[in-house]
Structure formats: C-alpha cells, structure tokens
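Report on the structure given below.
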Amino acid sequence: MNAAFTLHPLTADDFETVALLGAAIWRKHFIGMISREQIDYMVSGRYTPEKLSRYLDAPDRWFRLLRVEGRPVGYCSYALSGQDGEMKLEQLYLLEEMRGRGLGGRMMDEAEAAARAMGCAALMLTVNRHNAEAIAVYEKRGFRMRGEVAADIGNGFVMDDYVMVLRLE
C-alpha cells in the first residue's frame, strides 16, 4: 500500500460520511448473502447519530474511519465484549475497490493493538456464515471458529453468524 492512509477516531462530523460509506459497502457486499430488505433494515438502524455517538469518548468502545489520500474508504469498530479478557471486533468494512491493498489488515492491527493495550487475551468477532471471503481472511489472520449464533435483530430478520476468536497470548 503506497498511498497515504490515515485511521482516525470517529467524530460527530464523520457521522454522515460513515452512514453513506456503510450503506454503499453493505448494499454491494452483502446482496448475495442476505436480502435487500434486511440490508436496508440493518443500514437504517446501524448508522444513526444516536448509535454512532456511543463511540465518542467512550471508555469501552472505539470506532476508526479509514481514509486513503483523504478519501473515506472504510472503517472498523471494536469494544470490550463483556467477557473477561476479551474484545470484540464489531465492524471491519472496506470499499470493494480498496481490497487487496493491506488496508483491512491495518484495521485489524489497530483492533489487535487496542485489545492488547486493554489487557485482553482474545479478540473475537461474528461473521455471516455465507461470507466466505471474510472467513478466509480471518482464518489466514489466525482466527478460529468458536461457535455459531443466530440473533434475532427484529422485523423478522436474523443474523446467522459464525463466532471466531483470535488468541492474543
């Protein structure tokens, strides 16, 4: 990756940018895995100012916006999971045309470093069972399957995911 990239904490000024970026990524990437209706439902509830403001100055959750040469191209968020010694990689999304440049790895580095800094021994995540590309990336990174979860997210929709974990010890 030769282009200049930055990974900055979320600010209130970034909310609209993140909402637009998230909608673009979700509508392109997940269309073969979940229905358009579920994508619209999830996007409309996920990127509200109320939800995003939970990351501002929070002691237990973090959100980073990735820019390449000033252009927003992705983001990640992570939080203490509630399990002792564990952090959750909540989101890691990147525009399709920016994949394969090491940027996702840089965001994972950020989450792993934050987990270690908080004294966590594990970084966990959930990933859609049909998201083979992401699963392969996580496995290559050292994540291993821990289980499965089907979470009712309302409006008749379910998130059907694998739970994966990376040991940081």
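The values are calculated or read from the model by the stated rules, or taken from the named source; none is laboratory data. The model shown is predicted, which means the values in this text are computed figures rather than measured ones. Counting neighbours? That spans all protein chains shown, and the Cβs are built from the backbone with ideal geometry, glycine included. In case anyone asks, the SASA skips ligands and DNA or RNA and just uses the protein heavy atoms, side chains included. Shrake-Rupley method; radii C 1.70, N 1.55, O 1.52, S 1.80 Å.
About its Cα centre, the dipole of the stretch 28-140 is roughly 240 debye, where the only charges are +1 on Lys and Arg Cβ and -1 on Asp and Glu Cβ. Is the shape of the stretch 34-75 rounded, prolate or oblate, going by the alpha carbon gyration tensor and its root eigenvalues a ≥ b ≥ c, with a/c under 1.5 for rounded and a/b larger than b/c for prolate? Oblate.
Overall form of the stretch 1-51: oblate. Here a/c, set by the Cα gyration tensor axes a ≥ b ≥ c, is 1.5 or more, and a/b is not larger than b/c. Quotient of the Cα radius of gyration of the chain and 2.2 N^0.38 Å, N being its number of residues: 0.99. Give me the percent of accessible area attributable to carbon and sulfur for the chain, probe 1.4 angstrom. Taking all protein chains in place, the chain shows 48 percent carbon and sulfur surface.
Convex hull of alpha carbon positions in the stretch 103-159: directionally averaged projected area 5.1 nm². Protection proxy ranking of 144-157, 4-17, 75-88, by the mean of other Cβ atoms within 10 Å over each peptide's residues and highest first, is 75-88, 4-17, 144-157.
Summarising the amide proton neighbourhood of residue 5: residues at separation of 5 or more, or on other chains, whose placed amide H is nearer than 5 Å comprise 69.
Between residue 96 and residue 152, the distance separating the two model label sites (each 7 Å from Cα on the Cα→Cβ line) works out to 3.4 nm. The simple spin-label model puts a point 7 Å past each Cα toward its Cβ; for residue 159 and residue 141 those points are separated by 1.6 nm. The lysines within cross-link reach of residue 51, meaning a Cα-to-Cα straight distance under 21 Å and a gap of 8 or more places when in the same chain, are 88.
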